[in-house]
1. Quick check on segment 81-150: take the gyration tensor over C-alpha atoms, sort the square-rooted eigenvalues as a ≥ b ≥ c, and tell me if it's rounded (a/c under 1.5), prolate or oblate.
2. For Lys131 paired with Val113, estimate the spin-label separation in nm (one decimal), with each label point 7 Å from Cα along the Cα-to-Cβ line.
3. Post the alpha-carbon centroid distance, segment 110-150 to segment 21-79, in whole angstrom.
4. Rounded to the nearest 0.05, what FRET efficiency do Asp73 and Ala138 have when you use their Cβ-Cβ distance and R0 = 41 Å?
5. Taking Rh as the Kirkwood radius computed over C-alpha pairs, what is the Stokes-Einstein D of segment 45-102 at 10 °C in a medium of viscosity 1.306 mPa s, expressed in µm² per second?
6. Show me 86-95, 30-39 ranked by packing, highest mean number of other Cβ atoms within 10 Å first.
7. Please go through the residue pairs Lys99/Lys150; Lys30/Lys131; Lys111/Lys150; Lys84/Lys146 and name each one whose alpha carbons sit more than 19 Å apart in this structure.
8. Using Cβ counts within 10 Å as a stand-in for footprinting exposure, how do Arg68, Arg75 rank, fewest first?
Amino acid sequence: MIRSLASGLFALALTAFLASAAAAGGPVNKTLFGNAIDGYDPAAYHLDGMPVEGSKNFTYEWMGATWRFANMDNRDLFAADPAKYAPAFGGYCAYGVAKGNKVGFDPMAWKIVEGRLYLNLNANIQKKWQKDIPGFIAMAEQKWPKLKDK
């Protein structure tokens, strides 16, 4: 019983590791299975003011990734203007990009600045980022062209 439980936990941990490891490459932060921003609905941040998990029933292929949406309306809005709803820096942590690294994000650590969605690694990193949002955005914009395809 314990061996079976340990084996199951190991498999779950390995799957999570592989999914997060896949996020470290390419211009869009995506899972091993190709879902952008861990399957969260990018339009919901703008429209609902909060993170909402997307559904496999409402998807859109863009920038080599599958974007998931909570409903058809969100998907259609995204499809009409992906750049308006997609997170900055492909969904990688905005502070991380400013520091020259592509790292993941916590869906709860986000902010819309001048109509653009920015994600952060976690709440602690977000506090650092919020100390100089315009400065970190400018730094990230300079570094992103060299980082995005790595």
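Readers should treat all values here as calculations from the given coordinates under stated rules, not as data from a laboratory. Please read all numbers here as calculations on a predicted model, not as lab measurements. As a convention, Cβ positions derive from the backbone with ideal geometry for all residues, glycine included, and neighbour counts pool all protein chains shown.
1. Cα axes put segment 81-150 in the rounded bin.
2. For Lys131 paired with Val113, the spin-label model returns 1.4 nm.
3. For segment 110-150 versus segment 21-79, the Cα centre distance is 19 Å.
4. The computed FRET efficiency comes out at 0.75.
5. Reported coefficient: 129 µm²/s.
6. Descending packing order for the listed peptides: 86-95, 30-39.
7. Flagged as over cut-off: Lys30/Lys131; Lys111/Lys150; Lys84/Lys146.
8. In order of increasing Cβ crowding within 10 Å: Arg75, Arg68.
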